[in-house]
1. Hey, does region 2-15 have a residue that's at pLDDT below 95 and within 17 Å of residue 192 (Cβ to Cβ)?
2. Can you say whether residue 102 is more than 16 Å from the chain's Cα centre (by Cα), buried (at least 20 other Cβ atoms within 10 Å of the Cβ) and over 11 Å from residue 82 (Cβ atoms), as far as the supplied structure shows?
3. Considering each of 148, 159, 119 in turn, give the residue that is over 16 Å from the mean Cα position of the chain (by Cα) and at pLDDT 95 or above.
4. Counting only residues that are in contact with a helix residue (DSSP H, G or I) (Cβ under 8 Å, 6 or more places away or on another chain) and either over 23 Å from residue 196 (Cα atoms) or assigned to a loop (DSSP other than H, G, I, E, B) (or both), how many does region 26-73 have?
5. What number of residues in region 75-98 are over 21 Å from residue 28 (Cα atoms) and either buried (at least 20 other Cβ atoms within 10 Å of the Cβ) or in contact with a helix residue (DSSP H, G or I) (Cβ under 8 Å, 6 or more places away or on another chain) (or both)?
6. Report the residue count in region 139-158 for those that are out of contact with any strand residue (DSSP E or B) (no Cβ under 8 Å at 6 or more places or on another chain) and surrounded by fewer than 20 Cβ atoms within 10 Å (Cβ to Cβ).
7. Looking at (1) farther than 21 Å from residue 10 by Cα; (2) touching a strand residue (DSSP E or B) at 6+ places or on another chain (Cβ under 6 Å), which is the only condition residue 87 fails?
8. Which one of these is over 16 Å from residue 156 (Cα atoms), touching a strand residue (DSSP E or B) at 6+ places or on another chain (Cβ under 7 Å) and at pLDDT 95 or above: 133, 77?
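The values are calculated or read from the model by the stated rules, or taken from the named source; none is laboratory data. Keep in mind the model is a prediction, meaning the values are calculated, not measured. Using ideal geometry, Cβ is built from the backbone for each residue, glycine included, and neighbour counts are taken over all protein chains shown.
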């Protein structure tokens, strides 16, 4: 199904913390990240899409139960993973307990972005929960924390059946329109869309 820019609108308000807490109260792994084949494949495609063999410092907001965090730990000297739900943080910490280079923190985004700079930022199935204003703040803060020449990998569900559904197609179009980011890898299939953007060292400065 053909999608066109602007064929769906972001939520008027970002999804609430209570919404996500409720998901974890109903089910330990709300999106079945640990067992669903489509997610296992998505993680494999994401890791294969990283342009560099090794990264120094990675930030992964919206880490959920930490399955992708484990894979990132094998390619990064340090991984800072974050989620807004206490139960998700607890599960991610348990999942990564044997990996000393992974730190998992609780953070409500976009208000609580971390300090410091990263040469890799990985965002999966998170940005379409944000309002237009919060998405702009999140992207501003993300790009500001990305080192010149650093990579931003974004991967989100793409809804081919419902073109009025705000999803990865729409979110990735917003990111691609930002100055200072060069798209170096693009992949899409029936389940998801994935892009890797590299921060342009000349025009990528923010703020």
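1. Yes: one or more hits.
2. On the way: more than 16 Å from the chain's Cα centre (by Cα): yes; buried (at least 20 other Cβ atoms within 10 Å of the Cβ): yes; over 11 Å from residue 82 (Cβ atoms): yes.
Yes, satisfied.
3. On the way: 159 fails: at pLDDT 95 or above; 119 fails: over 16 Å from the mean Cα position of the chain (by Cα).
After applying the criteria, what remains is 148.
4. 11
5. Within region 75-98, residues that are over 21 Å from residue 28 (Cα atoms) and either buried (at least 20 other Cβ atoms within 10 Å of the Cβ) or in contact with a helix residue (DSSP H, G or I) (Cβ under 8 Å, 6 or more places away or on another chain) (or both) number 4.
6. Number satisfying all stated conditions: 3.
7. (2)
8. Of the residues listed, the single one that is over 16 Å from residue 156 (Cα atoms), touching a strand residue (DSSP E or B) at 6+ places or on another chain (Cβ under 7 Å) and at pLDDT 95 or above is 77.
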